[in-house]
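Comments concern the structure below.
Bear in mind that the values in this text are calculations on the coordinates, not laboratory data. What you see is a predicted model; the values in this text were computed from it and never measured. Counting neighbours? That spans all protein chains shown, and the Cβs are built from the backbone with ideal geometry, glycine included.
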Amino acid sequence: MSSDPGAGLGAELLTLRFDPAAGAFDDTALRARLAEVHLLALREHFFTAHGLPHVACLLTYRAASAPDAAKRASPPLPEAAQPVYETLRRWRAERARAEGVPAYVLFTNRELQAIAATQPRSDTALRAIPGIGAKKVARHGTQILALLAPAPEGTDHKEAAPDEADA
């Protein structure tokens, strides 16, 4: 790193704790920090403390200009999409527990936000979302589309069972 104090370079260590209820690491602090800086390097170290998985993230960054930060920040989720996003997060947590993997392995928060905001109705539309490829669609597309399907008139919308697509 440069020793020039005006260069705006920095390093920061963030520790993310696994949230068993959500089935994912609470990455709120990391996402907020990444929206403020231009990331140069990220090193991760996984560990357990008090029986819970944690990840320590060492960020090396340069202060971002306002346009840089605005480009990286996730657009706010429309209020109407928030219930869909929460349904998708609950499904992801259940599915991740069933598969024995961290929730972000299935879909990242950003991918779930994009699904909730766009509400795709086909495999092709799902694959158009950045980060979602043929493997994710083949493995979980049917369940995601079932969660997004409009409920028939006069009925309650039921969530797809986590193992439904595996049958």
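Residue by residue, what Karplus-based ³J(HN,Hα) values in Hz, rounded to whole numbers, does segment 136-143 have, using 6.51, -1.76 and 1.60 with θ = phi - 60° and x for Gly and Pro?
Calculated HN-Hα couplings, in order: 5, 5, 5, 7, 10, x, 4, 5 Hz.
If contacts are Cα pairs under 8 angstrom and at least 6 residues apart, what is the relative contact order of segment 75-150 in percent?
31
Work out from phi, with θ = phi - 60° and the Karplus expression 6.51 cos²θ - 1.76 cosθ + 1.60, the ³J(HN,Hα) of each residue of segment 122-127, listed in order in whole Hz, and give x for Gly and Pro.
So the Karplus estimates, Gly and Pro as x, are 8, 4, 4, 5, 5, 5 Hz.
Calculate one ³J(HN,Hα) per residue across segment 48-53 by plugging θ = phi - 60° into the Karplus curve 6.51 cos²θ - 1.76 cosθ + 1.60, and present them in order as whole Hz with x for glycine and proline.
So the Karplus estimates, Gly and Pro as x, are 10, 9, 6, x, 10, x Hz.
Would you mind putting 99-111, 10-22 in packing order, based on average other-beta-carbon counts within 10 Å, highest first?
Per-residue Cβ counts within 10 Å, averaged per peptide and sorted highest first, yield 99-111, 10-22.
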